[in-house]
Each structure stands twice: as structure tokens, then as C-alpha cells.
Amino acid sequence: MSTPRATKSMAGLRLAAIVYVAVLMLGLGGAGAHALWKMSGSAVGTVVAGSWAPKKIAATSVTCERSDSWDHANVTVTWQAVDADAYSLEFTGNNVDLARKTTTLSETFKVNKPGLLGFVDYKLSITPTVGSGSEVVLGNPTNFNVTVKNATGVFGSVKCSAL
């Protein structure tokens, strides 16, 4: 009689071993349980130091003034500071193509006077910049139409209008 009892306990052990192997191989509920046995991973992160783009210059902060000499007019443009290291300016029109970079908040352009009672329109672009060399980041440009006008006599005017 002792033999049948040992066989019953071996059958229970076999059943437990078969269930254990089945759970190990198939996992409970599919691949999720098996995946717990093979979990691995990695993470890679890259941090790049850079510069922000500076704010755009408010068109309302820009002023234009004119001073004349005998044969030309000086147009001085002034603006309020933004979070920039420097400013790139382009002044074009009437056979004038001037590009300058400055760290100041004003720039003077020498232009020919228009004819008697005449006017000349120029385009002005002021772009704030941050950084230097190959690391320069440009802000959005503020664009203007600059009208240099002659009136009667030697007096003239200048007007900056935002585009």
C-alpha cells in the first residue's frame, strides 16, 4: 500500500513541475510574464547649450532724425534695447545698399539729398542678434520705409513708417 501513496505524491509533483515550466515558458497572460524575466533597457539624453532668439524691436520705439550738410543728408535711426548682443541693419534704395552691425542703439546713414521738392524712399531693416561667430542667433527683423523729403529752401524732413 505504500507504493500507491508515493505514486500519488509523484503525480502531484509532476503536475506542479509541468505548471511551473508552462508558466515560465508562456507566462501568465501571455508574453508579459515572460518579459519580466528578460527586462532590460537604456536611455540616452543629449543636452545642447544654445542661445535664444532675441525679441523683436517694437516699431513704436524707433525714431528717425535728419541733419543736412551741403551735399547730403544724415539720417539717424534710434531704437530701444531688447535682449540682444548686437543689431544688424540694412538700409537700401536709390542706389544705396548699406549693411552694418552695431552694439549701440542708434546708427547714422549718409544719403544723397533728393532733388528740389522731391523725396526718396529707402527700406530699413533692424534685426537683433545674440551670440557671435558661427553661433549667431537672429531675431525677427523690424522693417521700415524711410522717406527723405526736401521742402522749399534747405529744410527737409525724414519719416520712418513701419512696414
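List of remarks:
- Projected label points at Asp68 and Leu138, each 7 Å from Cα along the beta carbon direction, are separated by 3.6 nanometres.
- Asp121 versus Ser106: modelled label distance in nm, points set 7 Å from Cα along the beta carbon direction: 2.7 nm
- Over 24 Å (Cα to Cα) - which of Lys101/Lys149; Lys101/Lys123; Lys55/Lys110; Lys55/Lys149; Lys101/Lys159 fall in this group: Lys101/Lys149; Lys55/Lys110; Lys55/Lys149
- Gain in span if fully extended, Ala17 to Ser61, counting 0.36 nm per residue against the direct Cα distance: 7.5 nm
- A simple rule links phi to the HN-Hα coupling: the Karplus curve 6.51 cos²θ - 1.76 cosθ + 1.60 with θ = phi - 60°, which for the range 53-64 gives 7, x, 5, 6, 6, 5, 4, 6, 8, 8, 10, 10 Hz, with x for Gly and Pro.
- Whole-Hz couplings from phi, Karplus 6.51/-1.76/1.60, listed for the range 105-111; x for Gly and Pro: 9, 7, 8, 10, 10, 8, 10
- Cα gyration tensor category, rounded, prolate or oblate, for the range 59-162 with a/c compared to 1.5: prolate
- Within the range 123-163, backbone nitrogen closer than 16 Å to the virtual label 7 Å beyond the Cα of Asp97 toward Cβ: 123-125
Throughout, read-outs are computed from the coordinates displayed, never taken from laboratory work. A quick note: this is a predicted structure, and the numbers were derived from the prediction, not measured. We place every Cβ from the backbone using ideal geometry, glycine too, and count neighbours over all the protein chains shown.
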